[in-house]
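Student: Below you'll find the structure I mean.
The values are calculated or read from the model by the stated rules, or taken from the named source; none is laboratory data. Note that the structure is predicted; figures quoted are calculated from it, not measured. Glycine gets a Cβ as well: all are built from the backbone with ideal geometry, and neighbour counts include every protein chain shown.
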Amino acid sequence: MRMILAASLAILPQLALAAGTDDTEPPKPTETTLECAKGEVWDEKTKTCIKAEGAGLTDDQRFGAVRELAYAGRPDEALTVLSMMTEGETPRLLTYQGFLLRQTGRVEDGIAAYERAIALDAGNILARSYYGQFLVQMDEPELARLQLAAIRMHGGGGTWAEQALSDAISTGVTYNY
């Protein structure tokens, strides 16, 4: 099974450093979730909502909107904005794609995205944390513990990624951002 293979790969020694964002706080609501229409993102420069594919936005702005929309419980919209990012299949994009696909019920596609993110960067502790939290939801605590061990092996001890997965293993509660 795909999850068993991914989990077994997680325990192999790797030299990569931890990567990805390690956001510790939920995103704060902005006009993106408070005022903008579906498919639009707030642009601070123009003080207006603009289409997510608009040339005036950077991928970092889009990514911030993706996180905000995910936290607001709007994963389909977040996936739309994510698809407008131009950076290609980066570990950051794939990590959030995996998270959002899983939130929309496309579990196998989500797993595949996590696996691609980890294949591109074995030290992507955020992908490992979200993947591990998914494993907790699937009642696979031993496989989740393998992801936790990999997070620690890649220098992720004391990070939000480690704490979130450790808490999920202990309590069964996972994060939505």
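Student: Name the residues in the stretch 141-177 that are under 27 Å from Ala65 (Cα atoms), in contact with an Asp or Glu (Cβ under 7 Å, 6 or more places away or on another chain) and not hydrophobic (A, V, I, L, M, F, W, C), would you?
Tutor: Of everything in the stretch 141-177, those that are under 27 Å from Ala65 (Cα atoms), in contact with an Asp or Glu (Cβ under 7 Å, 6 or more places away or on another chain) and not hydrophobic (A, V, I, L, M, F, W, C) turn out to be Gly156, Thr159.
Student: Going through Pro27, Pro91 one at a time, which residue ends up being farther than 22 Å from Asp109 by Cα, touching a helix residue (DSSP H, G or I) at 6+ places or on another chain (Cβ under 8 Å), in contact (Cβ under 8 Å) with a residue 40 or more places away in the chain and surrounded by 15 or more Cβ atoms within 10 Å (Cβ to Cβ)?
Tutor: So the residue among Pro27, Pro91 that is farther than 22 Å from Asp109 by Cα, touching a helix residue (DSSP H, G or I) at 6+ places or on another chain (Cβ under 8 Å), in contact (Cβ under 8 Å) with a residue 40 or more places away in the chain and surrounded by 15 or more Cβ atoms within 10 Å (Cβ to Cβ) is Pro27.
Student: Give just the number: which of (1) surrounded by fewer than 14 Cβ atoms within 10 Å (Cβ to Cβ); (2) more than 23 Å from Arg145 (Cα to Cα); (3) modelled with pLDDT under 90 does Ser8 not satisfy?
Tutor: So the condition that Ser8 fails would be (2).
Student: Among the numbered criteria (1) buried (at least 18 other Cβ atoms within 10 Å of the Cβ); (2) part of a loop (DSSP other than H, G, I, E, B); (3) of a type outside the set (S, T, N, Q), which one does Arg62 miss?
Tutor: (2)
Student: Scan the stretch 39-59 for residues that are surrounded by 15 or more Cβ atoms within 10 Å (Cβ to Cβ) and either part of a loop (DSSP other than H, G, I, E, B) or among the hydrophobic types (A, V, I, L, M, F, W, C) (or both) and jot them down.
Tutor: Val41, Trp42, Cys49, Ile50, Ala52, Glu53, Gly54, Leu57
Student: Also: Hey, does the stretch 74-88 have a residue that's touching a residue at least 60 places away in the same chain (Cβ under 8 Å), surrounded by fewer than 24 Cβ atoms within 10 Å (Cβ to Cβ) and on the phi < 0 side of the Ramachandran plot?
Tutor: No, every residue in the stretch 74-88 fails to be touching a residue at least 60 places away in the same chain (Cβ under 8 Å), surrounded by fewer than 24 Cβ atoms within 10 Å (Cβ to Cβ) and on the phi < 0 side of the Ramachandran plot.
Student: While we're here: Please give the helices (runs of 4 or more DSSP H) falling wholly within the stretch 71-172 in which 2 or more residues are in contact with a strand residue (DSSP E or B) (Cβ under 7 Å, 6 or more places away or on another chain) and modelled with pLDDT of 95 or more.
Tutor: Ranges flagged: 91-103, 107-120.
Student: Here is a list: Ala113, Ala122. Which entry is buried (at least 16 other Cβ atoms within 10 Å of the Cβ) and under 30 Å from Leu34 (Cα atoms)?
Tutor: Residue meeting the stated conditions: Ala113.
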